[in-house]
Amino acid sequence: MNFGGLKGIYMEIGFCLLAILFYGIVTFILPLAAIAGLVFVIIKLFKKPGKSGGGGRPVRSEAELAAEAAMANVIEEAESMEAIARRKRHELAEAMKAKGRLDRLALVYYIESALKSGLDRAAIAAALKAKGWPDPEVESAFSSYSGLA
Amino acid sequence: MLEFTRRYFAAAKAMYEAHSFDRTPTPHIVAFELFILAMAAFAVWWMWKNEKKGVQRFCIAAGGLFLHQFFTSPMWHNYKMGWWAYIYQDISWISTLAWATFITAVLVFVDRTLPKLKDWQRFPIYLALLTPLSTAYEAALLKLGVSGYAPEVRQAMSGWEFLGVPVEGFVYVPVFMALVVSFTKYWSFYILEKPVIPLRRRPWLRSFVVSLAAVLLFELTVEPMVENRGFPAWSYIYRDITVILTGSWIVLVWLAINVVDKFFIHFDLLKKFAAYLGIVFVAAMPAELWLMANGYRVYSPSTVAAFTGLHIPFTQLPMEVAFGIPLYFALILSFVKYWEIILDN
């Protein structure tokens, strides 16, 4: 096939094709995606008051709560350990965001990655205190992290 | 669909032909390319065998290099490397591999031989090793007739040379290397999942000083690409670098970093970086458009010659400038953040 008199397609022409494609993505698809994202965020914001966790949640009967707990157990057993950890992480993040405690969430994430990298608890606590984090804040972050581990 | 494909290929062909230059290599150039490829292949193999996520780190170095090459390509030329060597205009992937090999080799060598030194102490050692290595590479390219400089760059040179390489290279190379090394290190932290300590109180002043150093140094090296006109005479500090414009970029980088680090403290390095870049881009793109439209920013003839003619819809902003803004700031932001991370951890 001869596209517009093109005899051979060399790498540089390939890159030009990519550049035009990229240009199309940036100038047409990305703005559309941004508008769609904005609409999604607005819809989510309007929906939030009705279904937010904690105080906003409707009061349920004991039977409903027991049934929900039993269902949660079944689901939990079915899930892999990894999925549980992921869910716990997500729940913790949501709870911290709801409380406006993003700083504590950052501490929990730091503790998680520092422990993974081989640092011990005392070294992590010392490093955080050296950066001005108060003792109770560091301890709370460790206890929040232990809920994840 | 076939008609669309035909037009698409025709546009790519036109873009290719608009930037034709001598691609015919000499036997010496081919031999040199084979040597570079062998060296890069060995580096990749060694990194794969001996370093954690070594191949990814090599790719990060190559990516950082490519960003810099893409952004600054109107300042120099790379001819006669053979049709196979080019990926876009005269930017060569073989050259990208050569630079990535140097950077990776030096970083690994210094990190392994001086493990007790802190990161900020190793940084000048990286630059001290990379500068002569880069000078030797540049001297070889000049000797082979591959490398050359745009007229605006030659005009800005003093004319003094060392081993056939302009002495300005001894300023340009460490700055360019500092940016690419920082980029490589920042993203290595991310892929190696290095714990980065969250700060309770942001060091605003220190952050400003690092942002100032990054923007000012980078502006010095890319100064021949664009001319800043019409600013008050008192604001020019060196050639056409104006404290108004450069100061605005410094404040923008500084604010973006501090706002994101303050209000999105829980984000990981990737999300934070995307947020910094997003803020900077949203502010810098309309500013650049306005400055260009009003004659305050005039791109040099070599830079304009490299434009493909594609514009951002509904504006007169060339695609290269729109893409160049995030590339320019990606290197600066990674430099500032890398320095903040190594000073705090």
Under 6 Å by Cβ, and 6 or more places apart or on different chains, what pairs join a residue from segment B:58-75 that is at negative phi with one that is among the acidic types (Asp, Glu) and crowded, with 21+ Cβ neighbours inside 10 Å?
-> none
What do you reckon, is residue A:83 closer than 27 Å to residue B:340 by Cα and more than 13 Å from chain B (Cβ to nearest Cβ)?
-> no
Among the residues of segment A:127-138 satisfying the criterion of being free of Cβ contacts under 8 Å to residues at least 12 places away in the same chain and surrounded by 12 or more Cβ atoms within 10 Å (Cβ to Cβ), which is farthest from the other protein chains (Cβ to nearest Cβ)?
-> A:129
Quick one: would you say residue B:168 is more than 14 Å from chain A (Cβ to nearest Cβ), charged (D, E, K, R) and over 15 Å from residue B:120 (Cα atoms)?
-> yes
List, please: which pairs have Cβ atoms under 8 Å, are six or more places apart or on different chains, and start with a residue in segment B:10-38 that is at the interface with chain A (Cβ under 9 Å from one of its Cβ atoms) and end with one that is of a type in the set (Val, Ile, Thr)?
-> B:11/A:20; B:12/A:13; B:12/A:20; B:13/A:13; B:15/A:20; B:15/B:308; B:16/A:13
Evaluation of residue B:26 against (1) hydroxyl-bearing (Ser, Thr, Tyr); (2) at pLDDT below 90; (3) closer than 22 Å to residue B:165 by Cα (one fails), failing number | (2)
The correct count of residues that are touching a Ser or Thr at 6+ places or on another chain (Cβ under 7 Å) and either more than 12 Å from chain A (Cβ to nearest Cβ) or within 30 Å of residue B:261 (Cβ to Cβ) (or both) in segment B:313-338 is 4
Select from segment B:220-245 the residues that are part of a helix (DSSP H, G or I), in contact with a strand residue (DSSP E or B) (Cβ under 8 Å, 6 or more places away or on another chain) and modelled with pLDDT of 90 or more and write down the one among them that is surrounded by the fewest Cβ atoms within 10 Å (Cβ to Cβ).
-> B:235
Within segment B:173-186, can one find any residue that is within 14 Å of chain A (Cβ to nearest Cβ), touching a residue at least 40 places away in the same chain (Cβ under 8 Å), part of a helix (DSSP H, G or I) and within 29 Å of residue A:111 (Cβ to Cβ)?
-> no
Candidate set: segment A:111-126, residues that are hydrophobic (A, V, I, L, M, F, W, C) and more than 10 Å from every other protein chain (Cβ to nearest Cβ); chosen: the one farthest from residue B:201 (Cα to Cα) | A:122
If you check residue B:180 against the conditions, is it closer than 30 Å to residue A:129 by Cα, out of contact with any strand residue (DSSP E or B) (no Cβ under 8 Å at 6 or more places or on another chain) and not basic (Lys, Arg)?
-> no
Give the number of residues within segment B:187-218 that are within 18 Å of residue B:345 (Cβ to Cβ) and either surrounded by fewer than 18 Cβ atoms within 10 Å (Cβ to Cβ) or away from chain A (no Cβ under 14 Å) (or both).
-> 14
Taking residue B:104, is it of a type in the set (S, T, N, Q) and closer than 25 Å to residue B:328 by Cβ?
-> yes
Residue count, segment B:290-342 (criterion: under 21 Å from residue B:76 (Cβ atoms), buried (at least 18 other Cβ atoms within 10 Å of the Cβ) and among the small types (Gly, Ala, Ser)) | 5
Out of all the residues in segment B:309-320, is one or more farther than 14 Å from residue B:225 by Cβ and aromatic (Phe, Trp, Tyr)?
-> yes
Before we move on, is residue B:68 in a strand (DSSP E or B), within 22 Å of the chain's Cα centre (by Cα) and not hydroxyl-bearing (Ser, Thr, Tyr)?
-> no
Would you be able to tell me the number of residues in segment B:252-267 that are in a helix (DSSP H, G or I) and surrounded by 15 or more Cβ atoms within 10 Å (Cβ to Cβ)?
-> 9
Does segment B:154-172 contain any residue that is surrounded by fewer than 19 Cβ atoms within 10 Å (Cβ to Cβ), modelled with pLDDT of 90 or more and either touching a helix residue (DSSP H, G or I) at 6+ places or on another chain (Cβ under 7 Å) or assigned by TED's automatic domain parsing to the domain that holds residue B:335 (or both)?
-> no
Please tell me if residue B:189 is farther than 30 Å from residue B:142 by Cα, assigned by TED's automatic domain parsing to the domain that holds residue B:66 and aromatic (Phe, Trp, Tyr).
-> yes
Filter pass, residue A:83 being under 21 Å from the mean Cα position of the chain (by Cα) and of a type outside the set (Ser, Thr, Tyr) | yes
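The values are calculated or read from the model by the stated rules, or taken from the named source; none is laboratory data. Computed from a predicted structure; not experimentally measured. Positions of Cβ are backbone-derived with ideal geometry, glycine not excepted, and every protein chain shown enters the neighbour counts.
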